[in-house]
Amino acid sequence: MGKNLVIVESPAKAHTIEKYLGNDFTVLASVGHIRKDTKVDKNTFDVTYEIDPGHKSVITDLKKAAKAADKVWLATDEDREGEAISWHLCEVLKLPKDTARITFHEITKSALDEAIKHPRTVDMNMVASQQARQTLDMLVGFDLSGIVRKKVPGAVSAGRVQSPALRLIVEREQAIEKFASKFSYKVSGNFGFDAKLDHDFDTEEEARAFLEKLIGADFKASAIETTPGTRKPAPPFTTASMQIEANSKLGFSTRTTMQAAQSLYQAGLITYHRTDSLNLSKQAIASMASYVETNYGKDYVKVRNFKTKSAGAQEAHEAIRPTDISRETAGKNDYEKRLYALIRGRALATQMADARIETTTITVATPTEYNFVGKGEVITFDGFLKVYGRIKENELPHYKVGDKLTANSIIAHQSFAKPQARYTEGSLVKKLEELGIGRPSTYASIMTAIQARGYVVKGESEGEEREVTELKLENGKITKESVKEKYGANKGKLMPTPIGELISGFLTDNFKNIVDYKFTANIEKDLDLIADAKLDRVKMLRDFYGPFNNEVLASEGIERYNNARLLGHDPETGKAIYAKVGKNGGFIQLGENEKETGEKPRFAPLPKRKSVKTVTLEQALKQLALPQLPRTLGKAKDGAEIIAAAGPFGPYLKGGKYNIPLGKEFDPYTITLEEAEPLYEKKRDSYIADWGEIQIIEGAYGPYVKGPGRRNFVRIPKDVDPKTVTKEQAEEYLANKPKKTRRPAKRRTTTKKTTSKKK
C-alpha cells in the first residue's frame, strides 16, 4: 500500500489516474454511490441512508486501504453528485472532516499535479444542494407515483423533472393535431440557375393565369448583387450542445452520447463531460492555436475566448474539449471515435478564422409585377470550415445587368404548410435548456425515464404518400400532372403514447406546479442558491413540500381519470361508442361497462396515428367492424391451424405449438394466411430438435438448448454442429450451464443523518 490513497468513482477512471501518479499513490474506486437514501422525514427532512448491499465488499476494501494509508485524497467528479459521493465516503469510512478533496477538469498528469497542490475539503453547500435535489425527487416521485397509479389507467410513476418534459411533447403533439394544413402554389424557374418567384398563389387558377402570362415572354437580369459575408464557428461544447449536435449529426440518443463521453473522459481523452461552461483554459487555447498554425498556416488562426451565458453554470469550469488536440482519433469503439471526432472538430474550430462567404443574388424580371430571385453562395476562404461544419456551395453563372435569360422550365408546385416538427431527443434537450429545466447531468435520465415508462415512443414512420398538383411551363406549353410526395414522417421523433397524454392531462389539471415550466426552472435556481450558501436547504424543501402535500391530499378525492370521449352511438344497436385509454393504451369501446349493464362491451384498437382525442365516430365504426380476436386464418401446409391473437406482450400468431410475435410489420386484424405462413414456417424451421420439454433452437445469436421452465437455456458451443447434438448431450449442457451471479440479499444497514445540520 502506498502512502497516499486516492478514491474515485469508477475503475476506468482509477486505471487512467494510476498511470500518472507515482508509486506513492494507490488509486481505488467506490464504484459509484456507496449509500442511497431510503427514507425522508417529511417534517424535518432528515434523510435515512442505507449502505448499498452490492458495495459491501468495496467498502471493506476501502476501509482497509484507508487505514493503511498515511493520507486519503477524495477525487470524485467535480459536480454536486461527485461532491456527495465524497461526503458519503467520509461518513462511511469515518474519515476526518479535513480529508483532502481534489478536483480536476481533465485526467492528465499536469491537471492531477495541480489538483494535488491545491486540495480543499468537501464542500457541504454543494452536498446540501445535491441532497435537496434527491430529497425533492424522492418525495415527489413517491407521493405523485402513488396518486397516478390509483387515478390514471396504465400509469407507472411520475417524476418532478420528467413531467414537464412529457408536457412539452404532449403539447407539441396537440398542436400538430389541431394544425389545419393549407396549401399554396410556389413557383420556381430554371434560367441556367434555379430561382424562386417572390410571390405565392392561393389557387391553381391563379397559378395557371400567371404561367399563361409568361408564355413567349422575354426575361432579363434586372439586378445583380454580390455581398461578402463571414461565418463564425460555434462555441465549444457544453453537455447540452454536445447532446444536441450528436443527435443531429450522428443520430445518437442522449444516453448513447453520455455513455461514450464518460468513457472518453475516464480514459483521459476529453475534459469533464458534465458542464454548462463555455470557458477554455489558456493552455488549451494556446495549444489549439499552435496546432492550427502548424497544420494550416497563420491565416487560419484566430484566438477566441467564450463566456458562459448561463448565470447558474456551476457544473464545471471548462467546456468539453480533447485533452490533447494533436490526437486526431480516439476511443475504443465506433460510438466513442465518432463522438471524439465531433468534440475535437468543434473545439479546434473555436480557435480558427471565420469562413468568408460571397453571396450573389440575381433578380429576373418578368412581364408581370413579380420577379424571380436566384441566390448563390461560394466560399472564398474556408477558415474553420476546414475542420468543422460545411456550407453547400452554389455558384451562379456570370451575368451582367440587362442580359437576356432563357427560361428552360417554370413550375408551379402545390405546397402544403407544415406544422411544427415533433421533438427529437436533441431538440427537446435544447428546449429544456432554454426553459432552465434540468441540468447537464439529468438530460439523459429524463429522456430514458419517459420512454422506459411507456409515456413516449420514437416514431418509426417514413411518412405517407399524397398526390400534389404541378403546373409546368415548358416549350411554350402548360401541362398539368400529379406527382407523389411524402409527408408526415416521424422516424426518430418523440411521440406521446395515449397513456403519456393521459398522465400529462391529469397532472396539468391537478398538479399545475409540477408541470409548470417556470416553477420547475425556479427550483433549479433554488438548488443553485443552496450550493452558493444563499438559501437554507430545509427552508427550500419546506416551502415546496407544504403546498405540494396539500395538492396530494386534495387529489385523493378525485375520480379515476380516464378522459374517455363519447364519440356517438352505433346505428345498428344504439349502444354508446367511446374512445378510452387503458393500461395497454388507447382503444374503442362499444357499450357500457359490464359492471353497470351485466353485458360485456366490445373492444377494438384505435386506428393507427389516431388518439382518443382525434378519432372520429366513422373511424371507430370501421375499427369495430374488424374481426374479433383471436381469429382463425386457416391451416398451414403441415395441417397446423394458424390463429392471430393479441396478448399482454403484443399481437402474435399461434401456429400449432408455436407462438410467433407479429411485431409492428403486421396487423393481427388484417394479416392473411398467405402472409402468416412464412412466419410460421420460419419459426418451425428454427427448431432443430424437439424432445418435448427439451429443444434445440436456432436463435438470433446462434443455436441454443432450451429446457423446461422460464429462462432455462444454454448456448451450444461454436465448434459443435447443433444437428448432431443428442437429447443426452442437451441435458448435459443444461446441467453444466454457467451459473448466474446473484445479487446478495438485501441487508438493512442504516446510518441516519440529519442533513439540516450540514448546511
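The values are calculated or read from the model by the stated rules, or taken from the named source; none is laboratory data. Please read all numbers here as calculations on a predicted model, not as lab measurements. Every residue, glycine among them, receives a Cβ derived from its backbone with ideal geometry; neighbour counts consider all protein chains shown.
Out of the range 450-467, which residues are at negative phi, loosely packed, with under 14 Cβ neighbours inside 10 Å, without any contact (Cβ under 8 Å) to a residue 60 or more places away in the chain and in a loop (DSSP other than H, G, I, E, B)?
Answer for the range 450-467, where residues must be at negative phi, loosely packed, with under 14 Cβ neighbours inside 10 Å, without any contact (Cβ under 8 Å) to a residue 60 or more places away in the chain and in a loop (DSSP other than H, G, I, E, B): just Glu462.
Only one of Glu665, Glu693 is exposed (fewer than 14 other Cβ atoms within 10 Å of the Cβ), in a loop (DSSP other than H, G, I, E, B), under 32 Å from the mean Cα position of the chain (by Cα) and without any contact (Cβ under 8 Å) to a residue 60 or more places away in the chain; which?
Testing whether each residue is exposed (fewer than 14 other Cβ atoms within 10 Å of the Cβ), in a loop (DSSP other than H, G, I, E, B), under 32 Å from the mean Cα position of the chain (by Cα) and without any contact (Cβ under 8 Å) to a residue 60 or more places away in the chain leaves just Glu665.
Can you work out which of the residues in the range 484-494 that are part of a strand (DSSP E or B) and free of Cβ contacts under 8 Å to residues at least 60 places away in the same chain is farthest from Glu460 (Cα to Cα)?
In this case the residue turns out to be Lys484.
Can you tell me which residues in the range 560-570 are at negative phi and touching a residue at least 40 places away in the same chain (Cβ under 8 Å)?
Matches in the range 560-570: Arg560, Tyr561, Asn562, Ala564, Arg565, Leu567, Asp570.
Give the range 594-646 a look and list any residue that's closer than 20 Å to Glu501 by Cα and touching an Asp or Glu at 6+ places or on another chain (Cβ under 8 Å), or say none.
Ser611, Val612, Lys613, Thr614
So Ile7 clears everything in (1) at pLDDT below 95; (2) among the β-branched types (Val, Ile, Thr); (3) not in a loop (DSSP other than H, G, I, E, B) except one condition, right? Which one?
Unmet condition: (1).
Quick check on Leu278: is it over 30 Å from Thr361 (Cβ atoms), within 35 Å of the chain's Cα centre (by Cα), aliphatic (A, V, I, L, M) and part of a loop (DSSP other than H, G, I, E, B)?
Considered against the rule, which asks whether it is over 30 Å from Thr361 (Cβ atoms), within 35 Å of the chain's Cα centre (by Cα), aliphatic (A, V, I, L, M) and part of a loop (DSSP other than H, G, I, E, B), Leu278 comes out as yes.
Within the range 609-622, can one find any residue that is at pLDDT 85 or above, closer than 30 Å to Lys683 by Cα and either among the basic types (Lys, Arg) or not in a loop (DSSP other than H, G, I, E, B) (or both)?
No, the range 609-622 has no match at all.
Identify all residues within the range 569-604 that are among the β-branched types (Val, Ile, Thr) and either closer than 15 Å to Gln619 by Cβ or in a strand (DSSP E or B) (or both); write none if there are none.
If the condition is that a residue be among the β-branched types (Val, Ile, Thr) and either closer than 15 Å to Gln619 by Cβ or in a strand (DSSP E or B) (or both), then Ile577, Val581, Ile588 are the ones that fit.
Could you check the range 725-737 and list, in sequence order, the residues that are surrounded by 10 or more Cβ atoms within 10 Å (Cβ to Cβ) and at pLDDT 85 or above?
Val725, Thr726, Lys727, Gln729, Ala730, Glu731, Glu732, Tyr733, Leu734
Can you name the condition, by its number, that Ile688 falls short on among (1) within 30 Å of Glu462 (Cα to Cα); (2) hydrophobic (A, V, I, L, M, F, W, C); (3) part of a strand (DSSP E or B)?
(1)
In the range 581-608, what residues are at pLDDT below 90 and of a type in the set (Val, Ile, Thr)?
Val581, Thr597
Working only within the range 138-157, note down all residues that are outside any helix (DSSP H, G or I) and among the acidic types (Asp, Glu).
none
Where in the range 189-272 are there helices (runs of 4 or more DSSP H), lying fully within it, with 1 or more residues that are touching a Pro at 6+ places or on another chain (Cβ under 7 Å), surrounded by fewer than 22 Cβ atoms within 10 Å (Cβ to Cβ) and in contact (Cβ under 8 Å) with a residue 12 or more places away in the chain?
The qualifying helices (runs of 4 or more DSSP H) are 204-214.
Please enumerate the residues belonging to the range 557-570 that are surrounded by 10 or more Cβ atoms within 10 Å (Cβ to Cβ) and more than 31 Å from the chain's Cα centre (by Cα).
Ile558, Arg565, Leu566, Leu567, Gly568, His569, Asp570
Look at Trp73 and say whether it is part of a helix (DSSP H, G or I), closer than 30 Å to Thr275 by Cβ and aromatic (Phe, Trp, Tyr).
no
Can you confirm whether Lys486 is modelled with pLDDT under 95, within 23 Å of Met447 (Cβ to Cβ) and surrounded by fewer than 21 Cβ atoms within 10 Å (Cβ to Cβ)?
Criteria not met by Lys486.
Is there a residue in the range 67-76 that is polar (S, T, N, Q) and either over 31 Å from the mean Cα position of the chain (by Cα) or under 30 Å from Asp143 (Cα atoms) (or both)?
Scanning the range 67-76 turns up no residue that is polar (S, T, N, Q) and either over 31 Å from the mean Cα position of the chain (by Cα) or under 30 Å from Asp143 (Cα atoms) (or both).
Applying the selection to the range 95-134, what residues are touching a residue at least 24 places away in the same chain (Cβ under 8 Å) and part of a strand (DSSP E or B)?
Selection gives Ala100, Arg101.
Take the residues in the range 591-608 that are without any contact (Cβ under 8 Å) to a residue 24 or more places away in the chain and among the basic types (Lys, Arg); name whichever of them is farthest from Glu462 (Cα to Cα).
Lys595
So which residues in the range 10-33 are of a type in the set (Gly, Ala, Ser) and part of a helix (DSSP H, G or I)?
Hits for the range 10-33 are Ala12, Ala14.
Determine which member of the set Tyr578, Tyr652 is at pLDDT 85 or above, surrounded by 13 or more Cβ atoms within 10 Å (Cβ to Cβ), over 22 Å from Val152 (Cβ atoms) and among the aromatic types (Phe, Trp, Tyr).
Tyr652
If you take the residues of the range 704-717 that are modelled with pLDDT of 85 or more and either assigned to a helix (DSSP H, G or I) or out of contact with any strand residue (DSSP E or B) (no Cβ under 6 Å at 6 or more places or on another chain) (or both), which of them is farthest from Lys683 (Cα to Cα)?
Filtering the range 704-717 for residues that are modelled with pLDDT of 85 or more and either assigned to a helix (DSSP H, G or I) or out of contact with any strand residue (DSSP E or B) (no Cβ under 6 Å at 6 or more places or on another chain) (or both), the one farthest from Lys683 (Cα to Cα) comes out as Pro717.
Quick one: which of Val364, Val401 is assigned by TED's automatic domain parsing to the domain that holds Asp200 and in contact with a Leu (Cβ under 8 Å, 6 or more places away or on another chain)?
Result: Val364 is the single residue among Val364, Val401 that is assigned by TED's automatic domain parsing to the domain that holds Asp200 and in contact with a Leu (Cβ under 8 Å, 6 or more places away or on another chain).
Just one of (1) within 36 Å of the chain's Cα centre (by Cα); (2) under 30 Å from Glu572 (Cα atoms); (3) surrounded by fewer than 15 Cβ atoms within 10 Å (Cβ to Cβ); (4) of a type outside the set (Asp, Glu) trips up Ala644, so point out which.
Among (1) within 36 Å of the chain's Cα centre (by Cα); (2) under 30 Å from Glu572 (Cα atoms); (3) surrounded by fewer than 15 Cβ atoms within 10 Å (Cβ to Cβ); (4) of a type outside the set (Asp, Glu), Ala644 violates only (3).
Among Ile176, Ile169, which is among the β-branched types (Val, Ile, Thr), under 30 Å from Asp509 (Cβ atoms), out of contact with any Ser or Thr (no Cβ under 9 Å at 6 or more places or on another chain) and assigned by TED's automatic domain parsing to the domain that holds Glu524?
Matching residue, one of Ile176, Ile169: Ile176.
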